[in-house]
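See below for the structure under consideration.
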């Protein structure tokens, strides 16, 4: 530290060169020691899938529709609500891998009307239920797989 007496009074300067030298030495020490530190966390890398795994069979998409006049259709065939529950129970208690379905209804329907279909589907064993409006149609050739959307 130096003091100079000049025209404007006493002026003191701090020499910061030794502080920068110490900082650089500490930086070099930490840079060389850090990679040598053992890590406590084991890394688990995902293994590739086995090639002999079976692909799920192509299952038809289950669609239940309700029109504005409250007629119910299962896979484009008219059906009553009692028959719908038995048909869905047979379908979902079988060997299906994808237990999902779609309910398509007119936008002008009350939600309570669609809720009846939701309740029947849940009681029948459907796990994933998606709602569609009447404007939705299948992709080309009428068949899209459930996992492709």
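The values are calculated or read from the model by the stated rules, or taken from the named source; none is laboratory data. Treat the numbers as computed from the prediction; the structure is a model and nothing was measured. Every residue, glycine as well, gets a Cβ built from its backbone with ideal geometry; the counts of neighbours run over all protein chains shown.
One line per residue, one yes/no per condition, for (1) assigned by TED's automatic domain parsing to the domain that holds residue 132; (2) free of Cβ contacts under 8 Å to residues at least 40 places away in the same chain; (3) surrounded by 10 or more Cβ atoms within 10 Å (Cβ to Cβ):
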{"site": "30", "(1), (2), (3)": "no, yes, no"}
{"site": "72", "(1), (2), (3)": "yes, no, yes"}
{"site": "75", "(1), (2), (3)": "yes, yes, yes"}
{"site": "99", "(1), (2), (3)": "yes, yes, yes"}
{"site": "114", "(1), (2), (3)": "yes, no, yes"}
{"site": "118", "(1), (2), (3)": "yes, yes, yes"}
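Can you pull out every residue in the range 120-149 that is in a helix (DSSP H, G or I), surrounded by 11 or more Cβ atoms within 10 Å (Cβ to Cβ) and modelled with pLDDT under 85? So that I can check it myself, show each step before the final result.
The initial filter retains those residues of the range 120-149 that are in a helix (DSSP H, G or I), namely 120-124, 140-142, 146-148.
Then keep just the ones that are surrounded by 11 or more Cβ atoms within 10 Å (Cβ to Cβ); that gives 120-124, 146.
Passing the criteria: only 146.
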